Amino acid sequence: LMIVKTMIVDDSDNDRYLLKRWLGKCDFEMHITEARDGEEALDYLERGQQAPDDGYPPAIVFLDINMPRVNGFEFLEKFNAIRNDELGETVVVMFTSSPRDDDARRALAWDFVDGYLVKGDFATDDLQVVIDGHLKSRQGVS
């Protein structure tokens, strides 16, 4: 069984919990790392692998926009700057309460942002499509 290393970056305990529940319904085994804001997530990503099973590097980062310290857009800029060989395959999926088109356009302008899910407005199938699409692109399968 393939294990998908996933990271959830969201300051809401409730939203992280709900997303973990949704991810648990997908067809893949998930290894989930959590961060409460963009700064905590960047610290983790910059440190790199500490142990063989610590979930690094994540294949997919689910990222909230509105967070304290480092918000989602600031995270995208900083993540772009630290992307290296290990993080080059990592994609970001926005997981936000903002349905605003300009936020979606701003996020999707980054080539490593693979999707934009609005909280409360998506289904397990949407997550499955995002994950399937990402895994196929990584394996060179179209």
### Query
With each pseudo-label sitting 7 Å past Cα toward Cβ, what's the residue 50-residue 101 distance in nm, one decimal?
4.4
### Message
Using amide H atoms built in the peptide plane, which far-off residues or other-chain residues are under 5 Å from residue 31 H to H?
### Response
4, 5, 6
### Query
For the chain, modelled as a Gaussian network with Cα springs under 10 Å, which listed residue fluctuates most, 32, 65, 82?
82
### Query
Can you give the extra length, in nm with one decimal, that the chain gains between residue 40 and residue 82 once fully stretched, where that is 0.36 nm per residue apart less the Cα-Cα distance?
13.7 nm
### Query
Loop-only check: which GluC sites (Glu not before Pro) in segment 10-83 are DSSP coil with at most 15 other Cβ within 10 angstrom?
none
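Mean separation of Cα pairs under 8 Å and 6+ residues apart, divided by the residue count of segment 1-132: what relative contact order is that in percent? Walk me through the intermediate numbers first.
Numbers: 210 pairs, mean separation 31.9, N = 132.
Answer for segment 1-132 is 24 percent.
Can you count the Lys pairs in the chain with C-alpha separation below 18 Å, eight or more apart or on different chains? Working shown, then result.
On the way: 5/20; 5/25; 5/136; 20/119; 25/119.
Taking the Cα cut-off of 18 Å, the pair count is 5.
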### Query
Which FRET efficiency value, to the nearest 0.05, is calculated for residue 110 and residue 89 with the Förster distance at 25 angstrom and r the Cβ-Cβ distance?
0.95
### Query
Under unit Cβ charges (Lys, Arg +1; Asp, Glu -1), what dipole magnitude, rounded to 20 debye, does the chain have relative to its Cα centre?
180
### Task
With θ set to phi - 60°, apply the Karplus curve 6.51 cos²θ - 1.76 cosθ + 1.60 along segment 36-42 and write out the HN-Hα couplings as whole Hz, x wherever there is a Gly or Pro.
8, 6, x, 5, 4, 5, 5
### Query
Along the charge dipole of the chain, Cβ charges K/R +1 and D/E -1, which of 14, 65, 93 sits furthest on the positive end?
93
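Give the shape of segment 1-81 as rounded, prolate or oblate, defined through the alpha-carbon gyration tensor: a ≥ b ≥ c are the square roots of its eigenvalues, a/c under 1.5 means rounded, and otherwise the shape is prolate if a/b is larger than b/c and oblate if not.
Details: a/c = 2.09, a/b = 1.24, b/c = 1.68.
The shape class here is oblate.
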## Note on the structure
Counting only residues 5 or more apart in sequence or on a different chain, those whose built amide H sits under 5 Å from that of residue 93 are 61, 62, 63, 114
#### Entry: Between segment 14-52 and segment 104-123, the alpha-carbon center distance in angstrom
17
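Read-outs throughout are calculated quantities, based only on the coordinates presented, and are distinct from any laboratory measurement. Please read these numbers as outputs of a predicted model, since none were measured by experiment. Quick reminder, even Gly has a Cβ in these numbers, built from the backbone with ideal geometry, and neighbours come from all protein chains shown.
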